[in-house]
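Below: one structure, written as structure tokens.
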């Protein structure tokens, strides 16, 4: 369900591009380009896009019986150069390999899957 909404984001917000993403059991990582230099006047701020994304996915999650899906805020990072872009891309790609090192990892807990 979350993946469907991630891939639909550019349909609803044509000024954004999703470069990469990963859905983890308790969080997601998105590499989002908000807009290029030609569309800055139409570019929504990231917090507005995330607010809408969290709202629509939360409403859908309620239909599965989930009460809370997201934390209140989110963490963002502005990518300033190609090296930073590659580092973030790699972090997203390899994040699933580090899941067992996550402070919230519990091998017997499957409650986060839906």
Which one of the conditions (1) surrounded by 10 or more Cβ atoms within 10 Å (Cβ to Cβ); (2) assigned to a helix (DSSP H, G or I); (3) at pLDDT below 90 does residue 41 fail to meet, given that it meets all the rest? (1)
State which residue pairs qualify: first residue in a loop (DSSP other than H, G, I, E, B) and inside segment 93-114, second residue surrounded by fewer than 10 Cβ atoms within 10 Å (Cβ to Cβ) and at pLDDT 60 or above in any location, beta carbons under 9 Å apart, and separation of 6 or more residues or different chains. 107/100; 114/64; 114/65
Sort out which residues of segment 47-87 are closer than 17 Å to residue 18 by Cα, assigned to a helix (DSSP H, G or I) and more than 13 Å from the chain's Cα centre (by Cα), and write them in order of number. 48, 82, 84, 85, 86, 87
Taking residue 15 as the residue in question, decide whether it is more than 24 Å from residue 91 (Cβ to Cβ) and out of contact with any helix residue (DSSP H, G or I) (no Cβ under 8 Å at 6 or more places or on another chain). no
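The values are calculated or read from the model by the stated rules, or taken from the named source; none is laboratory data. What you see is a predicted model; the values in this text were computed from it and never measured. With ideal geometry, Cβ positions are generated from the backbone for all residues, glycine too; neighbour counts draw on all protein chains shown.
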